[in-house]
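A.B. asks: My questions all concern the structure below.
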Protein chains: 2
Amino acid sequence: MTTIDPLRATCPAPRAETERVLLGHGSGGRLMAELLAEVIAPELDTPGPLEDAAVVGLGDTDVVFSTDGFVVTPRFFPGGDIGSLAVYGTVNDLAMRGARPVALSLAYLLEEGFPMAELRAITASVAEAARACGIPVVTGDTKVVGRGAADGVYLTTTGIGVRLPDAWPSASAGVPGDVVLVSGPIGAHGTAILSAREDLGFETAITSDSRPLHGLVAAMIGAGGADVHTLRDATRGGLASALNELAEASRVGVEIIEADVPVPAQVASACELLGLDPLHVANEGCLVAFVAPRSADAVLAAMRDDPAGREARVIGHVTGDPGRVTARTLVGASRIVDMLVGEQLPRIC
Amino acid sequence: MTTIDPLRATCPAPRAETERVLLGHGSGGRLMAELLAEVIAPELDTPGPLEDAAVVGLGDTDVVFSTDGFVVTPRFFPGGDIGSLAVYGTVNDLAMRGARPVALSLAYLLEEGFPMAELRAITASVAEAARACGIPVVTGDTKVVGRGAADGVYLTTTGIGVRLPDAWPSASAGVPGDVVLVSGPIGAHGTAILSAREDLGFETAITSDSRPLHGLVAAMIGAGGADVHTLRDATRGGLASALNELAEASRVGVEIIEADVPVPAQVASACELLGLDPLHVANEGCLVAFVAPRSADAVLAAMRDDPAGREARVIGHVTGDPGRVTARTLVGASRIVDMLVGEQLPRIC
């Protein structure tokens, strides 16, 4: 297991070092955005805003399509494991484009010598999560590499789905005046992973929020339809990075009220101990939405009726100041909320 | 890089050892079939024949859906690289279900410290291969793990497509009397990878056959329609494993004429040197088809008109002897053609 020094690790890397891949390039923050914008997107000819999932016209059907790799360590953590996480993660990426997920694929990358019993347990967890979501795993792949060429097992799940009626959420569809909602308390997943890493000498009773959000999204779309402009699950890079990505893609700003962001006491104290910002800590069952003001109350009520949105709340609004994300503090000052820079915590998902 | 002793590595593993994942579980042969049948399929509740791709009803459209991981070493080899291989591999899996590929997703798993220049080169190769096939990469994911937790870069590509008119090929659709065709010479990919591994002290001028087969399949379906019963690209485990999988899924037998199987002289001599059976060596641009006799001539002619099928030929026929694959030898004897058992050559694709 990699030991990290969170204080050093959050420092931005010097520019010359970026000639090699850094852990921070997988963080979901600024370095990753740069990698995508400067290396991958230009080659692949895919500019445009970053979405959690693509929409592809196939015959008469708009298919929503998303892929995600999972390398979390430890593989079993409070509140979940790599198997259920891989299912929920991809289900959630589809849901963020307003899709009803329909089918999943599952690719295993296994290290020679990996215990068969653990492979069985992880596969059982995939199966249970897929059944709970009503979404079958219909195809897959298995590769094995030699000892030392992987760390146990990595999974890649890909999902396809169809759009719900009246659902057009997109990272680029936020407009000034939209109400900003979150579906629940932030920071639980990252804190649970931290607590499960013995070498950090840190323990807490908090469990990951890893859960599927497609039911919650269906309820939100049912209540707000096309007024649900933008959805994003705040995974790697946390709520701060999600808000910055959406602000950039929609060419808008966001102002949040710091006191209204729900941070559980255990997350707050863990972050204080480790010098982390809860806004940068990963979630796996928490979404942020931009909703037209006229539908915000109805959408919020629908969220609170769903088990995954019981503690949903308004945390701010969308402004006309492109790319600028700020937080109003308790004393009335305004501070910049930046994307995660560098790497806060590797192999979180 | 893993050094292998091909003679030892092809021995079946003792049963007790299978409590851990072996390299052979990724071989595409007998051990892998057992892993899928005994560990993965029962948990996931997905019995039925193994197909290269799943068909999923989405709205009014039958979507063909396939995923594949790529861990090949070396990443650049004569005739291709991990980037183009990842595109063609998934394009081919879609084509084997009679699909016109429409879009791809691409998930990177990167090791910290991987040279950015190589990442750029691999991404450029993905892009060039995708453009050549007319199939865009529409979504993706990037994960980074610490040094020592991967070997440079692994890719997972997933593809979606729609069925060609009159195309219903399936691993389970072969019937006795069908003509067995191959699209070209066998063994080039595996031999090229072997020759590129310096530690094997072995060299040849042969290049991988890595190429897309969707155009060839479209030509075959155009000529034979629903008479093209079964298609499979003979990748890991080689032609022998592909024939055994199809025989099992279709509950038929196969008899091939050994002298009619096209084995290039360089492949034959490399295999003799290393104690390998060319029928077990991986291909990445060669398919095997079961076609109803009345359409076999037309399909063969269409194959030969396509650059990927220039050297296509008939190699045998389907029999009524379930699961039994045999080769008629030059002297008129008949020998059993078994699936690859254990591991012949790891990390071939």
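The values are calculated or read from the model by the stated rules, or taken from the named source; none is laboratory data. Given the structure is predicted, the values throughout are model-derived calculations rather than measurements. When we count neighbours, we look across all protein chains shown, and the Cβ atoms used for this are built from the backbone with ideal geometry, even at glycine. Note: areas computed on protein heavy atoms with side chains; ligands, DNA, RNA excluded. Shrake-Rupley method; radii C 1.70, N 1.55, O 1.52, S 1.80 Å.
A.B. asks: Can you compute the charge dipole magnitude of the protein assembly as shown about its Cα centre, using +1 on each Lys and Arg Cβ and -1 on each Asp and Glu Cβ, nothing else charged? Give it in debye, rounded to the nearest 20.
C.D. replies: Its charge dipole is roughly 240 debye.
A.B. asks: Now for a different question. Can you give the log10 of the normalised intensity I(q)/I(0) at q = 0.15, 0.21 Å⁻¹, computed with Debye over equal Cα scatterers of region B:178-264?
C.D. replies: The Cα Debye sum returns log10 ratios of -0.69, -1.15.
A.B. asks: Just the Cα atoms of the protein assembly as shown: what Rg and Dmax do they give in Å?
C.D. replies: Considering the protein assembly as shown through its Cα atoms, Rg and Dmax are 25.7, 93 Å.
A.B. asks: For the pair B:Ala41/A:Ala37, report the inter-label distance in nm, with labels modelled 7 Å from Cα in the Cβ direction.
C.D. replies: 4.8 nm
A.B. asks: Any idea what the A:Pro322 label distances to the other copies are, label 7 Å down the Cα→Cβ vector, nm, shortest first?
C.D. replies: In ascending order, 6.7 nm.
A.B. asks: List the residue ranges in chain A for DSSP H helices whose C-alpha atoms run 20 angstrom or more along the long axis and whose Kyte-Doolittle average is -0.5 or above.
C.D. replies: Those that pass (Cα extent of 20 Å or more, hydropathy at least -0.5) are A:116-133.
A.B. asks: Sum up the charges of everything whose Cβ sits under 15 Å from the Cβ of B:Ala219, counting Lys and Arg as +1 and Asp and Glu as -1, but leave B:Ala219 out.
C.D. replies: Taking every Cβ under 15 Å from that of B:Ala219, the sum is -2.
A.B. asks: Under a crude label model (7 Å from the Cα following the beta-carbon direction), how far is A:Phe76 from B:Ala132 in nanometres?
C.D. replies: 4.6 nm
A.B. asks: Turning to a different aspect of this structure: If we count every other residue with Cβ under 10 angstrom of B:Ser105's Cβ, Lys/Arg +1 and Asp/Glu -1, where does the sum land?
C.D. replies: Details: positive: none; negative: A:Asp68, B:Asp141.
Residues close to B:Ser105 contribute a combined charge of -2.
A.B. asks: Next question. Please give the calculated 222 nm ellipticity per residue for chain B, where each DSSP H segment of at least 4 residues contributes -39500 (n - 2.57) and the sum is spread over every residue; nearest 500 deg cm²/dmol?
C.D. replies: Counting only the DSSP helices, I get -8500 deg cm²/dmol.
A.B. asks: Now for a different question. According to the Kirkwood expression over distinct Cα-Cα pairs, how big is the hydrodynamic radius of region B:179-336, in Å?
C.D. replies: 15.8 Å
A.B. asks: Given all pairs of different Cα atoms, what value in angstroms does the Kirkwood hydrodynamic radius of region A:80-139 take? Kindly include the intermediate steps, with their values, before the conclusion.
C.D. replies: Working: mean 1/r = 0.0826 Å⁻¹.
Kirkwood hydrodynamic radius for region A:80-139: 12.1 Å.
A.B. asks: Just the number please: accessible area per residue for the protein assembly as shown, 1.4 Å probe, all protein chains included, in Å².
C.D. replies: 35 Å²
A.B. asks: Taking R0 as 56 Å, what's the FRET efficiency between B:Asp338 and A:Ala205 from their Cβ-Cβ distance, rounded to 0.05?
C.D. replies: Numbers: r = 55 Å, r/R0 = 0.98.
Efficiency computed from Cβ-Cβ geometry: 0.55.
A.B. asks: Show me, bin by bin at 5 Å from 0, the whole-percent P(r) of region B:33-100 based on Cα pairs.
C.D. replies: Whole-percent P(r) values from 0 Å outward: 3, 15, 17, 18, 19, 16, 8, 3, 1.
A.B. asks: A further question follows. For the interface of chains B and A, what total accessible area is buried with a 1.4 Å probe, rounded to the nearest 100 Å²?
C.D. replies: 6300 Å²
A.B. asks: Could you compute the FRET efficiency for A:Arg304 and A:Ala259, with r as their C-beta to C-beta distance and R0 at 30 Å, rounded to 0.05?
C.D. replies: Between A:Arg304 and A:Ala259 the formula returns 0.95.
A.B. asks: So how far apart, in nm, are the two label points at B:Ala268 and B:Arg120 if each is 7 Å from Cα heading toward Cβ?
C.D. replies: In this crude label model, B:Ala268 to B:Arg120 measures out at 4.6 nm.
A.B. asks: Oh, and also: Need one number for chain A: average projected area of the convex hull over its C-alpha atoms, nm².
C.D. replies: Projected area, direction-averaged: 17.6 nm².
A.B. asks: Another question about this same structure. Note down the Stokes-Einstein diffusion coefficient of region A:235-292 in µm²/s, whole number, using a Kirkwood radius over alpha carbon pairs, 25 °C, and 0.890 mPa s.
C.D. replies: Reported coefficient: 197 µm²/s.
A.B. asks: Further question: Accessible surface of A:Thr46 in the full protein assembly, 1.4 angstrom probe, to the nearest 10 Å²?
C.D. replies: We get 50 Å² for A:Thr46.
A.B. asks: Now a separate question. Kindly work out what percent of the DSSP beta bridges joining two residues of region B:52-163 are antiparallel, to the nearest 5.
C.D. replies: Bridges in region B:52-163 that DSSP calls antiparallel: roughly 75 percent.
A.B. asks: Ratio to report: Rg/Rh of region A:52-163, with Cα atoms as the point set and Rh obtained by the Kirkwood method; give two decimals. Let's see the in-between values first.
C.D. replies: Working: Rg = 14.5 Å, Rh = 14.4 Å.
Answer for region A:52-163: 1.01.
A.B. asks: Continuing with the same structure: Order these peptides, A:296-302, B:97-103, B:33-39, by their mean beta-carbon neighbour count within 10 angstrom, highest first.
C.D. replies: The packing order, highest mean first, is B:97-103, A:296-302, B:33-39.
A.B. asks: If you don't mind, another one. Give me the percent of Cα-Cα pairs in region A:245-329 that sit more than 18 Å apart, rounded to a whole number.
C.D. replies: Working: 1892 of 3570 pairs.
The calculated P(r) of region A:245-329 puts 53 percent of pairs beyond 18 Å.
A.B. asks: Then there's this: Nearest 5 percent is fine: what portion of the DSSP beta bridges confined to chain A is antiparallel?
C.D. replies: Working: 46 of 58 bridges.
Percent antiparallel among DSSP bridges in chain A is about 80.
A.B. asks: So if R0 is 25 Å, what FRET efficiency would A:Arg251 and A:Asp277 give, r being the distance between their Cβ atoms, rounded to the nearest 0.05? Each step should come with its number before you reach the end.
C.D. replies: On the way: r = 25 Å, r/R0 = 1.00.
With R0 = 25 Å, the Cβ-Cβ based efficiency is 0.50.
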